[in-house]
Amino acid sequence: MTFKTLGVIDPILKAIEAEGYSHPTPIQEKSIPILLKGKDLLGCAQTGTGKTAAFAIPILQNIYNNPVKSKGRRKIRALVVTPTRELAIQIAESFTTYGKYTGIRNTVIFGGVKQLAQTQSLKQGVEVLIATPGRLLDLIDQGFISLKDVEYSVLDEADRMLDMGFIHDIRKIIAKLPVVRQSLFFSATMPPDIVKLSRKILGNPEKVTVKPEQTTAEKVEQFLYYVSKKDKPKLLLHILKTDEVGSVLIFTRTKHGANKIVKILGKASIVSEAIHSNKSQGARQRALGNFKSGKTKVLIATDIAARGIDIDELSHVINFDLPNIPETYVHRIGRTGRAGASGIALSFCDGEERAYLKDIQKLIDLTITVIEDQPFEDDGTVIETKKPANQNKSKKSFVGRRNSNRRNSSPSENKQKVKKSFSRRPR
Ligand code: AMP
C-alpha cells in the first residue's frame, strides 16, 4: 500500500515524499480513505502512530479539492482542538509540512503566551486553525475567531482533554460549530465517558483502532519498586545518587508533584527542571533545550506536558507515580530505549497504585521484575484511613515485609522477583 493508492493527490504526495515517508502507517492506511470520502471518524490511537498525518493529509486534500470561490479573507475551514501547546505546535508543523505545495495556510493558538502574534496571524486569514481549548474560547469571545465556516473538526487526545478538565470548554466549542461538518475524534483510550462524548460529537462514525506500539516497550528493561508514598522521594534520591543514571525523565501525575521533586532534588544538590502546563511556553522550551543538550540530566514532567515531545538518547525513565491509564505507561517507557539503545524504566508503586500496576501488567503481558534490594521496600498494605493513626501504625509495623501477601502477586510472580541493584557508582 502506498499513499498514491490511498488516493492522495500529487501536491501532498510530493511533500510526503520529501519527508521520507515511503508507506502509510496502519492508522493512515485505515483512516485516509474514510476521511477522503467525507465520513466521520472515531479513532482509537495515540501519539506516535502517525495519527497527525492520518487526519491532516485528508483535511488538506479535501480543502484543496473544494476551493471556496468567495473573495476576501480566508475562512477557517478546519479546526483541530488538542490539549497541550506542544501537541498544538507539532500538529501545526505537520499541516505546514504536508500542505507546503497546496497553498493552504494554518496557524496555531495556545495559552500561556501573549495573544498579539496569534491574533495578527488570524487577521491575515487561515484555512486551518490548531488550538488548545482555553485560548480558543478566549479569542472567540473577543471576536477574533468565528467557527461558522468550519467544515472539518478534529478533537485530538480526547481522553487527555477530559483528564485535564476541559469537558466544559469542549462542550462550548462544539456548540459553536456548524451542524453540518465532518467530525474526527481521536483518543488513546475509550472509557465510558469518552464514548459518551464521542456520541455527542460524531454522526455515524467509522471506527479505526490502532494498538499502541508494544515493540518499543519490549526493548526496555523494566523494574518495579514497592515503596510507600512517603518514602518515594527518599528512594528517588537513593537511585539517583547510587545508580548509574545518565539522563533521566521522571514522570509525576501532578504539576505540584513535579515541582516538589525539583525542590527535593535541589536540596540534595541534584539539578533538575520541571515541565508542566503551569509553566510558560518559554520556560518549558528552555527546560527541554537544557535537557536535550545534556545541561540538565534530570527532567520531571507530567504526562500531559511530555506528550509529543521527542527526546532521544534517554537512559532512564522513572515513574515516580504509576499512571492510571495503562497505555500511558507504554507511552512513558517508550521514551527510553530508542534507536537500538537499551533503556531502563523504573517504576515506584505504593499501596494505592497496585490496581494500576495490575492493569499495566495485563496490557504489556509481562510481570515487571521487582527490585527487593532497596532500603525502602514496602509491603504495599493500604492503611484504612478511618482507623486512628496509632492503630494504623502498629498494624503496619507487624506486616511481614518480604514474601508478604502482595495483592497483585501470584506465587509464580513472586518467583520472578529478583534481588537486583544497579552498579553502585557514585555520581
Ligand atoms: P504522530 O503519531 O502523528 O505524532 O507521528 C509520529 C511520528 O511519525 C512523526 O514524527 C511523524 O513525522 C512520523 N510519521 C508519520 N507518518 C509516517 C509515515 N507514513 N512514515 C514515516 N514516518 C511517519
Given (1) farther than 21 Å from PHE166 by Cα; (2) crowded, with 20+ Cβ neighbours inside 10 Å; (3) among the aliphatic types (A, V, I, L, M), number of the condition LEU79 does not satisfy: (1)
What do you reckon, is VAL179 without any contact (Cβ under 8 Å) to a residue 12 or more places away in the chain and either in a loop (DSSP other than H, G, I, E, B) or in the same structural domain as ILE333 (by TED's automatic domain parsing) (or both)? yes
Please state which of the following conditions LYS4 fails to meet, knowing it meets all the rest: (1) open to solvent by 40 Å² or more (accessible area, probe 1.4 Å); (2) modelled with pLDDT under 95; (3) more than 10 Å from the ligand (Cβ to nearest atom); (4) assigned to a loop (DSSP other than H, G, I, E, B). (2)
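Just the residues that are within 15 Å of ILE63 (Cβ to Cβ) and more than 12 Å from the ligand (Cβ to nearest atom), please, taken from region 95-121.
THR96, GLY99, LYS100, TYR101, THR102, GLY103, ILE104, ARG105, ASN106, THR107
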For LYS30, the lone unmet condition from (1) under 26 Å from VAL81 (Cβ atoms); (2) open to solvent by 60 Å² or more (accessible area, probe 1.4 Å); (3) near the ligand (Cβ under 7 Å from one of its atoms) is (3)
At pLDDT 80 or above, surrounded by fewer than 17 Cβ atoms within 10 Å (Cβ to Cβ) and part of a helix (DSSP H, G or I): is that true of LYS358 in this structure? yes
Would you confirm whether any residue within region 52-74 is within 9 Å of the ligand (Cβ to nearest atom) and surrounded by fewer than 23 Cβ atoms within 10 Å (Cβ to Cβ)? no
The lone condition ALA92 fails out of (1) within 16 Å of the ligand (Cβ to nearest atom); (2) open to solvent by 30 Å² or more (accessible area, probe 1.4 Å); (3) part of a helix (DSSP H, G or I) is (2)
Among the residues that make up region 393-403, is at least one of them modelled with pLDDT under 75 and closer than 13 Å to GLU221 by Cα? no
Can you name the condition, by its number, that LEU42 falls short on among (1) in contact (Cβ under 8 Å) with a residue 60 or more places away in the chain; (2) within 12 Å of the ligand (Cβ to nearest atom); (3) aliphatic (A, V, I, L, M)? (2)
Using beta carbons and a limit of 8 Å, which pairs, at least six apart or on different chains, have the first residue in region 9-20 and without any contact (Cβ under 8 Å) to a residue 24 or more places away in the chain and the second one within 11 Å of the ligand (Cβ to nearest atom)? LEU13/PHE3
Quick one: in region 278-307, which of the residues that are of a type in the set (D, E, K, R) and open to solvent by less than 70 Å² (accessible area, probe 1.4 Å) is modelled with the lowest pLDDT? ARG307
Among the residues of region 237-247, are any at pLDDT 95 or above, within 26 Å of LEU288 (Cβ to Cβ), among the charged types (D, E, K, R) and open to solvent by less than 70 Å² (accessible area, probe 1.4 Å)? no
Residues being more than 10 Å from the ligand (Cβ to nearest atom) and modelled with pLDDT under 95 - total across region 8-25: 2
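A quick yes/no check of all residues on (1) assigned by TED's automatic domain parsing to the domain that holds ARG77; (2) without any contact (Cβ under 8 Å) to a residue 60 or more places away in the chain; (3) open to solvent by 10 Å² or more (accessible area, probe 1.4 Å):
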position: ALA131; (1), (2), (3): yes, yes, no
position: ARG135; (1), (2), (3): yes, yes, yes
position: LEU162; (1), (2), (3): yes, yes, yes
position: ILE173; (1), (2), (3): yes, no, no
All but one of (1) away from the ligand (no atom under 15 Å from the Cβ); (2) not in a helix (DSSP H, G or I) hold for GLY134, so report the exception by its number. (2)
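The values are calculated or read from the model by the stated rules, or taken from the named source; none is laboratory data. These numbers come from a predicted model, not from an experiment. Note that we place each Cβ from the backbone using ideal geometry, even for glycine, and neighbour counts take in every protein chain shown. These area figures cover heavy atoms from the full protein model, side chains too; ligands, DNA and RNA do not enter into them. Shrake-Rupley method; radii C 1.70, N 1.55, O 1.52, S 1.80 Å.
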